[in-house]
Amino acid sequence: AAGALEFEERPQTLPAIDQAIHGCAKCPIGQLENRAVMGEGPDQAENFSGLMIVGEQPGDQEDLGGRPFIGPAGQLLDVHLQKAGIDRATAYVTNAVKHFKYVQRGKRRIHQSPGAKEIDTCRWWLEAEREVVKPKLVLAMGASAARSMLGRTVSITRARGEAVTLDDGSELWITAHPSYLLRLDGDARMKQAALFDADLAAVAERLR
Ligand code: URA
């Protein structure tokens, strides 16, 4: 895809990818005080033809815990997945960018969105995961995940609600990021939560 870098031969197993991302400093995010967070899925996640869920990047808690989507956004994601009847344990959950990008403010680390170039660089690893996992469906949550999957910036509003067939025959669905819901309240939150639920319901339907 556009902008993607070709570094070396791609690792062919999930443990090999996990090991390789820990040494990655191909973009400035990999040079901060953080750790790479590998995707996580069922034991038999290789060739599993199920659902891959792609977020943006690990947050503070994911960086500390070493697992994707275990902080506030992950907890909200879990609630909505459950509502849609999607068992998170059966999905492969990962991120477009494998390291946490932040700025330090006193003791706090404040999330910063990855730039297009950082997303395009880290796509190397997401593609490696996709080649191994071979998901039937990919759910990209938010603009960074959508950019990683499509190689260009898209509007979530316009892209959601219908699948795009990817070059390997899998289906890409695009939705909002749960962190976006967390930043809203009142009617706006209700409206976006309903849209998010509708997207997850469509994905659940395709998984049946
Ligand atoms: N937000 C993401 O995009 N990914 C995580 O793993 C956690 C929060």
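FYI, it's all coordinate maths here, none of it is from the lab. In this text, all values refer to a predicted model and were calculated from it rather than measured experimentally. Here the Cβ is made from the backbone with ideal geometry for all residues, glycine too, and neighbour counts use every protein chain on show.
What residue, among those in the stretch 128-149 that are of a type outside the set (Gly, Ala, Ser) and not in a helix (DSSP H, G or I), is surrounded by the most Cβ atoms within 10 Å (Cβ to Cβ)?
Pass one, the stretch 128-149, residues of a type outside the set (Gly, Ala, Ser): 129-139, 141, 147, 149.
After this cut, where a residue has to be not in a helix (DSSP H, G or I) as well, the list is 134-139, 141.
On the way: 134: 18, 135: 25, 136: 15, 137: 20, 138: 26, 139: 26, 141: 28.
My answer is 141.
Could you look through the stretch 19-59, keep only residues that are touching a Gly at 6+ places or on another chain (Cβ under 7 Å) and surrounded by fewer than 19 Cβ atoms within 10 Å (Cβ to Cβ), and pick out the one that is nearest to residue 171 (Cα to Cα)?
So the residue we want is 24.
Do the conditions hold for residue 96, that is, is it closer than 21 Å to residue 50 by Cβ and either in contact with a helix residue (DSSP H, G or I) (Cβ under 8 Å, 6 or more places away or on another chain) or without any contact (Cβ under 8 Å) to a residue 12 or more places away in the chain (or both)? It would help to see each step written out before you state the result.
Numbers: closer than 21 Å to residue 50 by Cβ: yes; either in contact with a helix residue (DSSP H, G or I) (Cβ under 8 Å, 6 or more places away or on another chain) or without any contact (Cβ under 8 Å) to a residue 12 or more places away in the chain (or both): yes.
Yes.
In the stretch 53-62, which residue that is of a type outside the set (A, V, I, L, M, F, W, C) and touching a residue at least 40 places away in the same chain (Cβ under 8 Å) is farthest from the ligand (Cβ to nearest atom)?
Residues of the stretch 53-62 that are of a type outside the set (A, V, I, L, M, F, W, C), as a first pass: 55-62.
Imposing the further condition that a residue be touching a residue at least 40 places away in the same chain (Cβ under 8 Å) reduces the set to 55-60.
Working: 55: 3, 56: 4, 57: 6, 58: 5, 59: 4, 60: 9 Å.
Among those that are of a type outside the set (A, V, I, L, M, F, W, C) and touching a residue at least 40 places away in the same chain (Cβ under 8 Å), it is 60.
Scan the stretch 65-75 and give yes if some residue there is in a loop (DSSP other than H, G, I, E, B), closer than 20 Å to residue 193 by Cβ and either more than 13 Å from the chain's Cα centre (by Cα) or near the ligand (Cβ under 9 Å from one of its atoms) (or both), otherwise no.
The first filter runs over the stretch 65-75 and keeps only residues in a loop (DSSP other than H, G, I, E, B), leaving 66-71.
Retained after the next criterion (residues that are closer than 20 Å to residue 193 by Cβ): 69, 71.
Subset that is either more than 13 Å from the chain's Cα centre (by Cα) or near the ligand (Cβ under 9 Å from one of its atoms) (or both): 69, 71.
Taking every residue of the stretch 65-75 in turn, at least one turns out to be in a loop (DSSP other than H, G, I, E, B), closer than 20 Å to residue 193 by Cβ and either more than 13 Å from the chain's Cα centre (by Cα) or near the ligand (Cβ under 9 Å from one of its atoms) (or both).
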